[in-house]
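What follows is a short report on a single structure.
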Amino acid sequence: MSTPGRAAMTALDLAGEVRSGRRTAVAALEDCLAAIAADDPEVHAFNHVMVDEARAAASSVDRKVMAGDDAGPLGGVPVALKDNLCTRGVPTTCSSRILDGWLPPYDATVVTSLRAAGAVLIGKTNLDEFAMGSSTENSAFGPSRNPLDLSRVPGGSSGGSAAAVAAGFAPLALGSDTGGSIRQPAALCGVVGVKPTYGLVSRFGLIAFASSLDQIGPLATTVADAALLLDVIAGHDPLDSTCLSGQLPAARAKLDGGVDGIRVGVVTELATAEGIAPDVSARLREAAEALANAGAKVDEVSVPAAVYGLSAYYVIAPAEASSNLARYDGVRYGLRVPAEDIGSMYGATRAAGFGAEVKRRIMLGTYALSAGYYDAYYGQAQRVRTLIIRDFESAYESYDVLLGPTAPTTAFRLGAKTADPLAMYLSDVCTIASNLAGHPAMSVPFGTGDDGLPVGVQVLAPALGETVMFQVAAAVEAVAPPRTPPKQGIEAR
Amino acid sequence: MSPQSTEWETVIGLEVHCELRTETKLFCGCRNAFGDEPNTNICPICLGLPGSLPVLNRTAVEYAMRIGTALHCQVKPSIFHRKNYFYPDMPKDYQITQYDEPINVDGWLEPPGGSRVGILRAHLEEDTGKTTHVGGGGRIHEATHSLVDYNRAGVPLVEIVSHPDLRSAEASRAYVDELRAILVATGASDGKMEEGSLRVDANVSVRPSGSSDLGTRCEIKNMNSLRSLGRAIEFEAARQIELLEQGGRVVQETRHWNEADGRTHSMRSKEEAFDYRYFPEPDLVPVAPSAEWVEAVRAALGLLPAERRARVASAAGLAPDADAVVTVVRLDLDSLVMAAAGVGADVGLAVKRLANEVAAEMDGAHHLDPDAFCQLVLLEGRGELTTAQARTVLKHLLDHGGDPRAIANELGFEAMASDELGGAIDEVIGAHPDEWKRFVAGEDKLQGLFIGKVKAATHGKADLKAVAALLQERRKG
């Protein structure tokens, strides 16, 4: 099986080739489209491939280059978009039946930024319905598979985006991360995944799951590529009131800065959290040692609140989701199941339109916000959130970045956790605290587990600490064992 | 105390929803306008489309601050909450509103002649769309289908909640009347009840007179005018009293005022009691107006109705709650009073003309030239026009405008020279020698006869006050 575009070139290199005219954007795109045509029927990374739009965008980039105009920092680079990012006139489904037939009349701000940067938007990637899940098995359109081992999940909820990058369908992808939904699939697919500081990237046009936790971020094959993409999408947006303004960090500022003298704290509670597999722990320790060898000051540090996040998260996120998803009522757009009266129509539409996990979280959240329970659940969860922030801030007084595992295990088999929601929720135990704190964190591939599948190491940083986070991530990448082609994936055939 | 002998007191608190007259909606750039084609002032944000986010309208915040300041509220840092419930005219199936941290708290309002009513809060929120039920005479249960217009969805509202300080339908009407005047004076609202830019809900309960406990209240909705507000409160209070006197119990519920049958009707059954699941709106950040901004809003606030009444009253030597003063300010005619005061005209006379003749013809009042009005009051005050003539000229001014002196001349109202008047009086005296002797001898009631004769002889041109004065002069010799 021929997969010409796969991992052949980073986004940075490709953009350089296109800019210099050595390669056309159209040719680069066609390689990706060929890879998708060949392998996506099995991987199912995409809900929708934007063939015509992508070809038009690539031609436009080539014309600019021919005319001697600036093609932009991502000129000619195919980028895949998680299918919860609104694209004007292109189906945007959240992998849910409830949005059946809906075409957004507008682009998400990140989509506008990508177009302006010359990116070629190649398609909409599969996700757990409304980003609720850790395996991309909760998609109404069927699961995505891990391109490194088709019997395994790619993680989730941005599993389609992680799989697309890992499979070489696109050098870059955007995901969204509410409790680990970029970092965990990045770890499971052996790519780089970043959750930026809350407010660094506009959420306008990101279909909300949990508004106070959601953040859009990049997936890429390298740390430098992820930085390139983040710098394109970051920045103030007047359409998002929670979007930060003022001096914002550049991800690419110190990629070559090394780690000499950088203070790195390995978070005890994350390293020893419930369910962390021995091979994952081993890679984390090796990464810490390698950083120490590279000149970093590495210590263990206790951040007790780092793992209290899971229960707070599973109150706050469903509570916000129960409200965010109320609008899918069959009145204005998407699915409508006709019924006798408005109440029955609401019920029938939502019963048919939402999958089991979404319904479970709507019910959890509705309960948590109910009169008489609000303070015990939502109120208490917000207090835990404050404690988490305090604990992290106190750790960052002594450390520039923190280190932990990204996911407890390597990619698990399809169906392994679908019957046990709590086991699935535990996939996010190491990633959730950053969302609750609003801090940035990213996953960098570091070796493999006993099964030969990739392991991710997570670099955590204080709010707006993207520069140092990427600096350390680049160092982790530099000292990581060489990535070996997996045995069970699409490349093996 | 037997039930029959119980005296009842009605306790009323009002919730007034006031649409702000901002150019654009509360969270998006769509036009805020009444009466446009349905679903023309809409966008992804006010339609609550997936992925859209609200951005707070600064002018709406400023208008809310103006209202709070005018109501003597404390203007505070505030946050927004989501009020969750399903309704087709609410695009997101939640309303963005303020809950336990509203922008304005603890104010008061004092209607003219009434007592002070406490304001609990005046908070910002978004309006819903408008549902029209088609078929079945517009009633939801009989409708074949419903149409929704989202033009109003996201229009900024300030909800003003009073303490339960009102004790009668009349006081409630006076409260809303004064509140409306204040809202209009701040420039934040057009105060039009008929267009729904002012909507009033009433919480009504009754209790035995002298009791300090509150009875169980009912919330009355759907009153479209001050008149129906008064009627609804009176009906509801009577209904509750009758219920209690018969040994029944008031059920806390929302009731719908039906203008046609003059009754309130239960709207929702107990099973449908709503739990709105309020929680802080995560898509918006706290609103924390700076002290400078709050002060700038206070400083820029124009004169409020109470201040305008005080100004008119003081200039005219009347009480601030005198009917004529209240009327003149309510009808926005007080600038004419102040203009008259400015040219040294009789201010009391100006107030009288405005509260009577001008108030009766408000269409003309909008075009009334202040200079012309002042001239008229001066002419009447100097006795150059009689009261009757002044009214005629004023009517002319209201209908056609013009110069009062020219109009008077045209109508043959030129003032009688005093020698001309004196001549007329002497003629009348000469024609009635017996009556004149009796008048001089002290028969005062004959003055009326002489005034009447002079009036007839001069064809009504004589200033009757002047006639009386000349008669007295001649009587003394």
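The values are calculated or read from the model by the stated rules, or taken from the named source; none is laboratory data. It should be emphasised that the depicted structure is a prediction, and the values quoted were computed from it without experimental measurement. Here the Cβ positions follow ideal geometry from the backbone for every residue, glycine too, while neighbour counts run over all protein chains shown.
When both residues are 6+ apart or on different chains and their Cβ atoms are under 7 Å apart, which pairs have a first residue that lies in region B:207-225 and is over 15 Å from B:E242 (Cα atoms), and a second that is hydroxyl-bearing (S, T, Y) and surrounded by 14 or more Cβ atoms within 10 Å (Cβ to Cβ)?
B:L214/B:S205; B:E219/B:T254; B:I220/B:T264; B:K221/B:T254
Looking at A:A37 and the list (1) closer than 22 Å to A:A163 by Cβ; (2) of a type in the set (A, V, I, L, M, F, W, C); (3) in contact with a helix residue (DSSP H, G or I) (Cβ under 9 Å, 6 or more places away or on another chain), which single condition is not satisfied?
(3)
Residues are listed down the side, and each one gets a yes or a no for (1) within 14 Å of chain B (Cβ to nearest Cβ); (2) closer than 29 Å to A:N146 by Cβ; (3) touching a Ser or Thr at 6+ places or on another chain (Cβ under 8 Å):
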| position | (1), (2), (3) |
| --- | --- |
| A:Y198 | yes, yes, yes |
| A:L206 | yes, yes, yes |
| A:F209 | yes, yes, yes |
| A:L229 | no, yes, no |
| A:S245 | yes, no, no |
| A:L248 | no, no, no |
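Among A:D177, A:D240, which is the only one that is within 14 Å of another protein chain (Cβ to nearest Cβ) and in contact (Cβ under 8 Å) with a residue 24 or more places away in the chain?
A:D240
How about region A:397-493: which strands (runs of 3 or more DSSP E) wholly inside it have at least 2 residues that are surrounded by fewer than 24 Cβ atoms within 10 Å (Cβ to Cβ)?
A:441-448
For region A:417-440, give me the residue count where each residue is free of Cβ contacts under 8 Å to residues at least 12 places away in the same chain and among the hydrophobic types (A, V, I, L, M, F, W, C).
3
Please specify each residue of region A:401-455 satisfying the condition of being at pLDDT below 95 and hydroxyl-bearing (S, T, Y).
Answer for region A:401-455, where residues must be at pLDDT below 95 and hydroxyl-bearing (S, T, Y): A:T418, A:Y425, A:S427.
Does A:G365 count as in contact with a Ser or Thr (Cβ under 6 Å, 6 or more places away or on another chain), over 19 Å from B:D89 (Cβ atoms) and either of a type outside the set (A, V, I, L, M) or more than 9 Å from chain B (Cβ to nearest Cβ) (or both)?
Judged against the criteria, A:G365 is a match.
Restricting attention to region B:423-442, does a residue exist that is exposed (fewer than 12 other Cβ atoms within 10 Å of the Cβ), not assigned by TED's automatic domain parsing to the domain that holds B:H396 and not in a helix (DSSP H, G or I)?
yes
Just to be sure, is B:E253 surrounded by 14 or more Cβ atoms within 10 Å (Cβ to Cβ) and touching a Cys at 6+ places or on another chain (Cβ under 9 Å)?
Yes; evaluated as a whole, the condition is true for this residue.
Looking at this structure, is A:A352 touching a residue at least 40 places away in the same chain (Cβ under 8 Å) and out of contact with any Phe, Trp or Tyr (no Cβ under 9 Å at 6 or more places or on another chain)?
So A:A352 fits the description; yes.
Considering every residue within region B:46-60, establish whether at least one is in a strand (DSSP E or B), among the basic types (K, R) and either within 30 Å of B:V312 (Cβ to Cβ) or without any contact (Cβ under 8 Å) to a residue 60 or more places away in the chain (or both).
Among the residues of region B:46-60, not one is in a strand (DSSP E or B), among the basic types (K, R) and either within 30 Å of B:V312 (Cβ to Cβ) or without any contact (Cβ under 8 Å) to a residue 60 or more places away in the chain (or both), which makes the answer no.
Only one of (1) surrounded by fewer than 21 Cβ atoms within 10 Å (Cβ to Cβ); (2) modelled with pLDDT of 95 or more fails for A:S311. Which number is that?
So A:S311 meets the others, but not (2).
Scan region A:99-135 residue by residue and report those that are within 14 Å of another protein chain (Cβ to nearest Cβ) and either surrounded by 24 or more Cβ atoms within 10 Å (Cβ to Cβ) or among the aliphatic types (A, V, I, L, M) (or both).
Listed by number, the residues that qualify are A:L99, A:L103, A:P104, A:A108, A:T109, A:V110, A:V111, A:K124, A:L127, A:E129, A:F130, A:A131.
Say we look at region B:88-128 and pick out the residues that are among the β-branched types (V, I, T), farther than 11 Å from B:G68 by Cα and outside any loop (DSSP other than H, G, I, E, B); which of these is nearest to the other protein chains (Cβ to nearest Cβ)?
Of everything passing the filter in region B:88-128, B:I96 is nearest to the other protein chains (Cβ to nearest Cβ).
Applying the selection to region A:287-340, what residues are acidic (D, E) and either away from chain B (no Cβ under 14 Å) or farther than 21 Å from B:Y150 by Cβ (or both)?
A:E289, A:D299, A:E300, A:E320, A:E340
Within the group A:R327, A:R385, A:R361, A:R285, which residue is of a type in the set (D, E, K, R) and surrounded by fewer than 16 Cβ atoms within 10 Å (Cβ to Cβ)?
It is A:R285.
Please find, within region B:79-101, the residue that is surrounded by the fewest Cβ atoms within 10 Å (Cβ to Cβ) out of those that are under 20 Å from A:D329 (Cβ atoms) and among the hydroxyl-bearing types (S, T, Y).
The residue in question is B:Y85.
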